[in-house]
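Undergrad: Below: one structure in structure tokens.
The values are calculated or read from the model by the stated rules, or taken from the named source; none is laboratory data. From a predicted model like this one, the values you see are computed outputs, not experimental measurements. All Cβ positions, even for glycine, are placed from backbone atoms using ideal geometry, and neighbour counts span all protein chains on display.
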Amino acid sequence: MKMDIKLKLGVNIDHIATLRQARLDIDPDPIQAAQVARQSGADIIVCHLRRDRRHIQDADIVKLCRLKGETHIELGDDAGVVSWVIKARPSSVCLVPERPGEVSTEGGLDLQRNSKSLSRTVSRLKKAGLEVSLFIAPEAPAVRVSRNMGADVVEFDTSDYVKAGTKAKQKSELERLELAAYMAWEMGLVVHAGHGLDYHNVTPVARIPHLSVLNIGFSIVARSVFVGLKSAVSEMRRVID
């Protein structure tokens, strides 16, 4: 049964910036998109400052963090990017894996292989006063390591659920998410989820107990091409409520 706390919607505006960067122009402006999204039901504005700056730019981060409301920045474990994000002062951050040439984020962080570097970066971000999330697979070992690293939040990668080819597989992946969310909540971690969620598959995830935030981007921006950003965000808000 879903908890009596309103689920927050984080709207990722990366692909508004992708469209702008296709022409290296000033439109569409991701800052304006953030304002429209907030007015239409977004609780948090999310964006990913990538090493290659393929969409969101440094100046965007500064402007977004100056807006009223929560701004959540995704970033790789890169010293230069971390320094810039700390200077911009977002509400919160999420460390995610990054591979050169990837189309989108490919799975959760490899916490074991990168434990020393990630631990140092988590500590650095927390000392700067930022709430820190780790993007991880919905698995017990990843939850334990995240807590031990000092993370405040875990964001579960929902891509296995999204890619499930059968109803049985989808049910199994949903149960995996539910168990991981319960474990994280018991350990005192805040629980987020996202990656690949859309208007057709999000409802079962939105009903998971102890889930605080759903971060959704591409499907909302894609929908906005046909109905406008205001309607696209409002529709998603209705779907998850």
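Undergrad: Of (1) of a type in the set (A, V, I, L, M, F, W, C); (2) under 24 Å from Ile73 (Cα atoms); (3) out of contact with any helix residue (DSSP H, G or I) (no Cβ under 9 Å at 6 or more places or on another chain), Ala168 satisfies all except one. Which?
TA: (2)
Undergrad: Only residues that are hydroxyl-bearing (Ser, Thr, Tyr) and either assigned to a loop (DSSP other than H, G, I, E, B) or crowded, with 16+ Cβ neighbours inside 10 Å (or both): list them for the stretch 38-86, please.
TA: Across the stretch 38-86, the qualifying residues are Ser40, Thr71.
Undergrad: For the stretch 110-130, give me the residue count where each residue is free of Cβ contacts under 8 Å to residues at least 40 places away in the same chain and in a helix (DSSP H, G or I).
TA: Of the residues in the stretch 110-130, 8 are free of Cβ contacts under 8 Å to residues at least 40 places away in the same chain and in a helix (DSSP H, G or I).
Undergrad: Right, here's the next one. Considering every residue within the stretch 193-205, establish whether at least one is under 15 Å from the mean Cα position of the chain (by Cα) and among the acidic types (Asp, Glu).
TA: The answer is yes; a qualifying residue exists.
Undergrad: Checking the condition among the small types (Gly, Ala, Ser), farther than 24 Å from Lys116 by Cα, without any contact (Cβ under 8 Å) to a residue 40 or more places away in the chain and touching an Asp or Glu at 6+ places or on another chain (Cβ under 7 Å), which residue from Ser219, Ser172 passes?
TA: Ser219
Undergrad: Mind checking which residues of the stretch 109-133 are more than 19 Å from Ser83 (Cβ to Cβ) and touching a helix residue (DSSP H, G or I) at 6+ places or on another chain (Cβ under 6 Å)?
TA: If the condition is that a residue be more than 19 Å from Ser83 (Cβ to Cβ) and touching a helix residue (DSSP H, G or I) at 6+ places or on another chain (Cβ under 6 Å), then Leu111 is the only one that fits.
Undergrad: Under 6 Å between Cβ atoms, at least 6 apart or on separate chains: pull out the pairs that start in the stretch 32-43 with a residue that is at pLDDT 95 or above and end on any residue that is in a helix (DSSP H, G or I) and small (Gly, Ala, Ser).
TA: Ser40/Ser234; Gly41/Ser234
Undergrad: Let me ask something else. How many of the residues making up the stretch 88-118 are exposed (fewer than 14 other Cβ atoms within 10 Å of the Cβ), of a type outside the set (Ser, Thr, Tyr) and on the phi < 0 side of the Ramachandran plot?
TA: 9
Undergrad: Let me ask something else about it. Which residue pairs have Cβ atoms closer than 8 Å, lie 6 or more positions apart in sequence or on different chains, and pair a first residue in the stretch 136-165 that is farther than 19 Å from Glu106 by Cβ with a second residue that is among the charged types (D, E, K, R) and surrounded by fewer than 19 Cβ atoms within 10 Å (Cβ to Cβ)?
TA: Going by the 8 Å Cβ cut-off, the qualifying pairs are Gly150/Lys126; Asp152/Lys126; Asp152/Glu131; Val153/Glu131.
Undergrad: Among the residues in the stretch 42-59, are any more than 29 Å from Asn114 (Cα to Cα), of a type in the set (D, E, K, R) and touching a strand residue (DSSP E or B) at 6+ places or on another chain (Cβ under 7 Å)?
TA: yes
Undergrad: Can you tell me which residue in the stretch 1-56 is nearest to the chain's Cα centre (by Cα), limited to those that are within 17 Å of Val103 (Cβ to Cβ) and basic (Lys, Arg)?
TA: Arg50
Undergrad: Looking at the structure I just gave you, is Asp43 among the acidic types (Asp, Glu) and over 22 Å from Ser224 (Cα atoms)?
TA: So Asp43 fails the test.
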